[in-house]
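> My questions will all concern the structure given below.
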Amino acid sequence: MRCFSDQREQEKMAIENTNTSPESYPMVAGDGPQSYAMNSTFQKGFVDATKEMVAASIVEKLDLRSMGIDTSSIFQIADLGCSVGPNTFIAVRNMIDAVEQNYQAENQNPSTLEFQVLFNDHSNNDFNTLFKNLPPNRKYYAAGVPGSFQDRLFPKSSLHIVHVSSALHWLSKVPIEVTDSNSSAWNKGNIYCTGFVEEVDKAYAAQFNNDMESFLDARAQELVPGGLMLILIATLPDGIPLSKTIVGKHYDFLGSCLYELAKMGLLSEEKVDSFNFPVFFPFVGEFEKLIRRNGNFSIERMDMFTHPLIHKAQSAEYWVPLFRASFEELFLKHFGEQVVDQIFNHYSKKLEQNISFALNGITHEEIELFIVLKRN
């Protein structure tokens, strides 16, 4: 179990030596066979599984009257970490349908509402593909907003709903301690926060807490009073380290591939030692505590759900393109373009030999969490 201080300053001090600018690793661009657009069905599973929960939450928790929404209003929705589609378009359609249902329940004509949807991701996201694939019969005006969602992105009190799915586990940067060979948190031999080394765990957790604090503070300024934030995030069962989950096993396989390629002389072992995923999965209880401590939001709903694909036997042919579409840029920046194919080819072979790990009952499942926050 991780140990946390209740003092924000101690958490910030743990990462004060990191770079100030957020790292950015966009999903594979375009709509080709290796693109994120063609290999994000697992992320789509989050949106599909929570469609009814999203609808019910907006109908029950969004008070349009108190927000001053009338026939002359513009209703603004922001999807953070939108990538290139098509999942973001499905999520937006679900939210708009629910808002219209809410408005109609107030004996108002939903066709009088005008919607603006603000699609956000880092500036090097492939917005061209996003805009090219916008639904032709959409009920909203679309705009792109580049930038890190750990920072302010929108004017004060301008948003009515914020949606973020499969994105909050990305850190703004890898904690510098885990790449420093002189630090007790040096993560040599691993490429992610396994949950087994206390110093590494604390460094990652401090970075995540700091990022989430910034994220929540920014959204508290941008949402109108009573506005909703809908969060879909993968978390860990309390006390279960990531390395004992199915997702953690994938990271283990990728890490072992890198060290095996280093032994073959295809990668520098020093480069492998300095490579870490900028991702972190919090415990459920920690994540709830973090939100409550921030104080800017009330938790209106918090449901655990099962990802619809987690129990299905999937092949290496399914998982490898999915991981490549999400992480190729990360490997490319660190190791260079010339070895990316070798890394994922080796990973594919290793996964084919070990795919049964997902079905043998040894590993745990991460907990998919749907949270509805209302700005105080």
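> For the structure I just gave you, tell me whether His364 is open to solvent by 60 Å² or more (accessible area, probe 1.4 Å) and either touching a helix residue (DSSP H, G or I) at 6+ places or on another chain (Cβ under 9 Å) or of a type in the set (Phe, Trp, Tyr) (or both).
yes
> Please identify the pairs in which a residue from the range 46-73 that is modelled with pLDDT of 95 or more has its Cβ atom under 6 Å from the Cβ atom of a residue that is among the β-branched types (Val, Ile, Thr) and open to solvent by 10 Å² or more (accessible area, probe 1.4 Å), counting only partners at least 6 apart or on another chain.
Within 6 Å, the pairs are Val47/Ile90.
> Tell me, please, whether a residue that is open to solvent by less than 10 Å² (accessible area, probe 1.4 Å), within 21 Å of the chain's Cα centre (by Cα), small (Gly, Ala, Ser) and closer than 30 Å to Gly30 by Cα can be found in the range 55-73.
Checking the range 55-73: not a single residue is open to solvent by less than 10 Å² (accessible area, probe 1.4 Å), within 21 Å of the chain's Cα centre (by Cα), small (Gly, Ala, Ser) and closer than 30 Å to Gly30 by Cα.
> Run down Phe253, Phe277, Phe196 and say which single residue is open to solvent by 20 Å² or more (accessible area, probe 1.4 Å), farther than 30 Å from Asn102 by Cβ and outside any helix (DSSP H, G or I).
Matching residue, one of Phe253, Phe277, Phe196: Phe196.
> Return the only residue of Gly147, Gly81, Gly85 being closer than 29 Å to Leu171 by Cα and either touching a Phe, Trp or Tyr at 6+ places or on another chain (Cβ under 6 Å) or modelled with pLDDT under 95 (or both).
On inspection, the qualifying residue turns out to be Gly85.
> Can you find a residue that is surrounded by fewer than 16 Cβ atoms within 10 Å (Cβ to Cβ), at pLDDT 95 or above and basic (Lys, Arg) anywhere in the range 217-224?
no
> Any chance you could count how many residues in the range 33-47 are under 16 Å from Ile233 (Cα atoms) and assigned to a loop (DSSP other than H, G, I, E, B)?
Selection size over the range 33-47: 1.
> Ok, one more. All but one of (1) crowded, with 18+ Cβ neighbours inside 10 Å; (2) more than 20 Å from the chain's Cα centre (by Cα); (3) of a type outside the set (S, T, N, Q) hold for Arg293; state the number of the condition that does not hold.
Only one criterion in (1) crowded, with 18+ Cβ neighbours inside 10 Å; (2) more than 20 Å from the chain's Cα centre (by Cα); (3) of a type outside the set (S, T, N, Q) is unmet by Arg293, namely (1).
> If you take the residues of the range 132-155 that are hydrophobic (A, V, I, L, M, F, W, C) and in a loop (DSSP other than H, G, I, E, B), which of them is surrounded by the most Cβ atoms within 10 Å (Cβ to Cβ)?
Phe149
> Check whether at least one residue in the range 15-33 is within 24 Å of the chain's Cα centre (by Cα), at pLDDT below 95, over 21 Å from Ser165 (Cβ atoms) and crowded, with 20+ Cβ neighbours inside 10 Å, and report yes or no.
Scanning the range 15-33, I find at least one residue that is within 24 Å of the chain's Cα centre (by Cα), at pLDDT below 95, over 21 Å from Ser165 (Cβ atoms) and crowded, with 20+ Cβ neighbours inside 10 Å, so the answer is yes.
> Just wondering, is there one or more residues in the range 101-115 that are modelled with pLDDT of 95 or more, open to solvent by less than 20 Å² (accessible area, probe 1.4 Å) and over 16 Å from Tyr36 (Cβ atoms)?
Taking every residue of the range 101-115 in turn, at least one turns out to be modelled with pLDDT of 95 or more, open to solvent by less than 20 Å² (accessible area, probe 1.4 Å) and over 16 Å from Tyr36 (Cβ atoms).
> Further, regarding this structure: Being open to solvent by 20 Å² or more (accessible area, probe 1.4 Å), in contact (Cβ under 8 Å) with a residue 40 or more places away in the chain, within 28 Å of Asp201 (Cα to Cα) and in contact with a Lys or Arg (Cβ under 8 Å, 6 or more places away or on another chain) is true for just one of Glu328, Glu300, Glu286. Which residue is that?
On inspection, the qualifying residue turns out to be Glu286.
> One residue is enough: does the range 77-88 have a residue meeting the conditions more than 30 Å from Pro33 (Cβ to Cβ) and over 25 Å from the mean Cα position of the chain (by Cα)?
So far as the range 77-88 goes, no, none of its residues is more than 30 Å from Pro33 (Cβ to Cβ) and over 25 Å from the mean Cα position of the chain (by Cα).
> Looking for something outside any loop (DSSP other than H, G, I, E, B) and more than 23 Å from Ala49 (Cβ to Cβ) - is there at least one such residue anywhere in the range 81-98?
Looking for residues that are outside any loop (DSSP other than H, G, I, E, B) and more than 23 Å from Ala49 (Cβ to Cβ), one finds none in the range 81-98, hence no.
> Collect the residues in the range 159-191 that are in a loop (DSSP other than H, G, I, E, B) and within 16 Å of the chain's Cα centre (by Cα), keeping them in residue-number order.
Ser166, Ala167, Leu168, His169, Leu171, Ser172, Lys173, Val174
> May I ask you to list the residues in the range 199-227 that are within 30 Å of Ser158 (Cα to Cα) and either among the hydroxyl-bearing types (Ser, Thr, Tyr) or part of a loop (DSSP other than H, G, I, E, B) (or both)?
Residue satisfying the conditions is Ser214 alone.
The values are calculated or read from the model by the stated rules, or taken from the named source; none is laboratory data. As the structure is a prediction and not an experimental result, all values here were calculated from the model. Backbone-built Cβ (ideal geometry, glycine too); neighbour counts: all protein chains shown. Accessible surface is based on the protein model in full, side chains and every heavy atom, while ligands, DNA and RNA are left aside. Shrake-Rupley method; radii C 1.70, N 1.55, O 1.52, S 1.80 Å.
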